[in-house]
Amino acid sequence: MSHEALVTRHRAVMPSWLSLYYEDPIEIVSGRGCRVTDADGKTYLDFFAGILTNMIGYDVPEVREAINRQLDRGVMHTSTLYLIRSQVELAEKIADLSGIPDARVFFTSSGTEANEAALLFATQWRRSNQVIALRNSYHGRAFATVAITGNRGWSASSLSPVQVTYAQSGYRYRSPYAHLDDDGFIQACAQDLRDLIETTTAGDVACMIAEPIQGVGGFTVPPDGLFRAYKEILDEYGILFVSDEVQTGWGRTGDHFWGIGAHGVTPDAMTFAKGLGNGATIGGVVARGDLMNCLTANSIATFGGNPVSTAAANATLDYVLSHDLQAQAAKTGSLLLEGLRELSEHNPAVGDVRGRGLMIGIEMVEPGTKVPDSGSAGAVLEAARRGGLLIGKGGLYGNCLRVAPPLTLTESEATEGLAILLDAFDEGSAQGHASDGRE
């Protein structure tokens with residue numbers, strides 16, 4: 001079946017708001033390593049990894065064999081009403097890696113559900129429905145997580161089970177504090193947080209939830225230490241701190257295993273999902289034992305932590321650790337960042353290049369300004385696909401390109417992908433300007 005025919009069928013039965021990439025959407029039918037092939041037989045180097053989910057690439061023998069061993073036993077599901085050995089083993093690893101004292105782990109089916117669970121724990125613990133989130137944030141598409149999403153493009157409803165106040169996010173490129181150095185920027189944001197708590201809340205706030213690097217928001221990277229300054233203020237008021245590690249966890253940032261590690265703090269809870277299962281459906285929360293245990297009613301997770309997903313996740317996490325993919329992400333990420341920053345010096349359509357490890361954002365603007373240019377971003381996305389490279393797009397204005405390959409990316413693959421991407425910028429920037437009527 002052609003892509004065109006499948007698109008027609010998709011649009012006839014799927015919601016209109018379900019996003020598809022590209023003017024001519026593609027179906028990915030096979031993959032190996034860091035490469036995928038579409039239904040027309042075209043092969044691409046994948047620099048977006050299913051939105052950071054195929055963390056160690058495609059067709060990984062260790063993950064496939066772990067899943068097959070579980071399937072060979074004939075049990076895909078039991079529910080958490082029964083003991084699940086692979087779930088306990090995975091929880092032990094995550095609790096140890098978290099650095100959180102007396103850590104407990106609850107598994108879910110997605111990052112959205114993980115963040116919903118973290119909000120439940122925090123609001124129950126503090127007996128408050130007040131939450132501080134960050135501007136330009138994204139935390140999922142369920143009722144409460146939409147409410148704490150500070151990005152209008154992904155916030156479908158103003159209705160909410162929680163009362164939300166939005167703090168400064170650390171998105172420096174468009175911040176009113178962008179002119180300040182790191183220390184000044186952190187001080188200004190921290191003072192704003194204190195004022196926010198004192199003037200816009202009833203005081204007994206349940207938690208602050210934050211992405212250490214904002215994902216959908218365009219891979220925005222705050223200066224190291226911002227969240228340490230925030231947590232010092234939160235601690236004064238007894239407010240919990242939840243780090244949303246759905247995109248930043250498992251060594252992707254290169255410098256640290258968890259994104260929050262760059263700020264030198266231990267959160268009260270962390271949420272995770274995406275890359276842990278390398279495509280298998282899994283998410284969860286790791287939190288202080290007293291916080292996790294605060295619920296006073298029974299609960300289960302029907303599919304959270306199921307035998308197949310936890311088998312895949314154990315194999316994935318073991319692979320990340322045994323192959324030191326955190327160090328690999330730091331090395332290949334530096335190669336990509338260096339090349340893209342050189343690009344920004346002579347391409348006036350590139351307003352900002354930022355990132356850490358294999359989590360890189362490129363913000364497209366009208367040349368000589370900071371005016372967002374979503375047209376150029378879309379044109380570069382298309383040009384990269386034509387050149388054999390898949391990348392992502394996001395940002396508050398849809399003008400940020402997102403680069404997040406599997407952590408197994410080699411230096412030669414990074415060099416190859418960078419060359420395709422640089423060509424795509426040359427082609428796409430010109431097309432984007434022309435389509436908007438600019439020379």
Per-residue accessible area, 1.4 Å probe, largest first, puts Glu345, Glu65, Glu198 in the order Glu345, Glu198, Glu65
Summing -39500 (n - 2.57) over every DSSP H run of at least 4 in the chain, dividing by its residue total and rounding to the nearest 500, the 222 nm mean residue ellipticity is -12500 deg cm²/dmol
How much of Asp235 can a 1.4 Å solvent probe reach, expressed as accessible area in Å² and rounded to 10? 90
Let me cross-check Lys370: its accessible surface, 1.4 Å probe, with only protein heavy atoms counted, in Å² to the nearest 10? 100
Relative contact order (%) - criterion: Cα under 8 Å, at least six apart; region: region 185-303: 21
Taking a 1.4 Å probe, which of Ile26, Ile84 shows the most accessible area, and what order do the others take after it? Ile26, Ile84
Which residue, Asn399, Asn115, Asn347, tops the fluctuation ranking in a GNM of the chain built on C-alpha contacts under 10 Å? Asn347
About its Cα centre, the chain carries a charge dipole, from +1 on Lys and Arg Cβ atoms and -1 on Asp and Glu Cβ atoms, whose size in debye to the nearest 20 is 1060
Which of the aspartates and glutamates could be linked to Lys93 by a straight reach, that is with a Cα gap under 18 Å, when you skip same-chain ones fewer than 8 residues away? Glu62, Asp102, Glu245, Asp268, Asp318, Asp324
Once label points are set 7 Å from the Cα along Cα→Cβ at both Arg64 and Val29, what is their separation, rounded to one decimal in nm? 1.7
Just one of (1) 46, 22, 20; (2) 36, 21, 20; (3) 32, 29, 20 is semi-axes √(5λ) of the Cα gyration tensor in Å as worked out from the coordinates here. Which one is it? (3)
Report the FRET efficiency, 1/(1 + (r/R0)^6), for Asp102 and Ile300, where r is their Cβ-Cβ distance and R0 is 25 Å, rounded to 0.05. 0.65
Please list, in chain and number order, the residues 5+ apart from Ala167 or on another chain whose amide H is under 5 Å from its amide H, with Hs placed from the backbone. Ala133, Leu134, Arg135
With all protein chains modelled, accessible area of Asp204 [1.4 Å, Å²]: 70
Among bridges DSSP assigns within the chain, what percent are antiparallel (round to 5)? 65
For Lys393, go through the aspartates and glutamates and keep the ones whose alpha-carbon is under 13 Å away, minus same-chain ones fewer than eight residues off. Glu363, Asp373, Glu382
Might you tell me the accessible area per residue for region 40-185, computed with a 1.4 Å probe and given in Å²? 50
How many Å² of accessible area per residue for region 276-371, probe 1.4 Å? 38
Percent RCO, i.e. relative contact order, over region 72-190, from Cα pairs under 8 Å lying at least 6 residues apart: 17
Give me the percent relative contact order of the chain, please, defined on Cα pairs under 8 angstrom at least 6 residues apart. 21
Sorted by accessible area (1.4 Å probe), largest first, how do Glu116, Glu338 line up? Glu338, Glu116
Rounded, prolate or oblate: which fits region 235-341 when a ≥ b ≥ c are the square roots of the eigenvalues of the alpha-carbon gyration tensor, with rounded for a/c under 1.5 and prolate only if a/b beats b/c? oblate
With every protein chain kept in place and a 1.4 Å probe, region 193-262 has an accessible area per residue in Å² of 25
Expressed as a percent, the accessible surface of the chain that is carbon or sulfur, using a 1.4 Å probe and the full set of protein chains, is 50
Considering the chain as a Gaussian network with a 10 Å cut-off on Cα pairs, which listed residue, Ala327, Ala297, Ala384, attains the greatest mean-square fluctuation? Ala297
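The values are calculated or read from the model by the stated rules, or taken from the named source; none is laboratory data. Note that this is a predicted model, so its numbers are computed, not measured. Here the Cβ is made from the backbone with ideal geometry for all residues, glycine too, and neighbour counts use every protein chain on show. Keep in mind that these areas ignore ligands, DNA and RNA; they rest on the heavy atoms of the full protein, side chains included. Shrake-Rupley method; radii C 1.70, N 1.55, O 1.52, S 1.80 Å.
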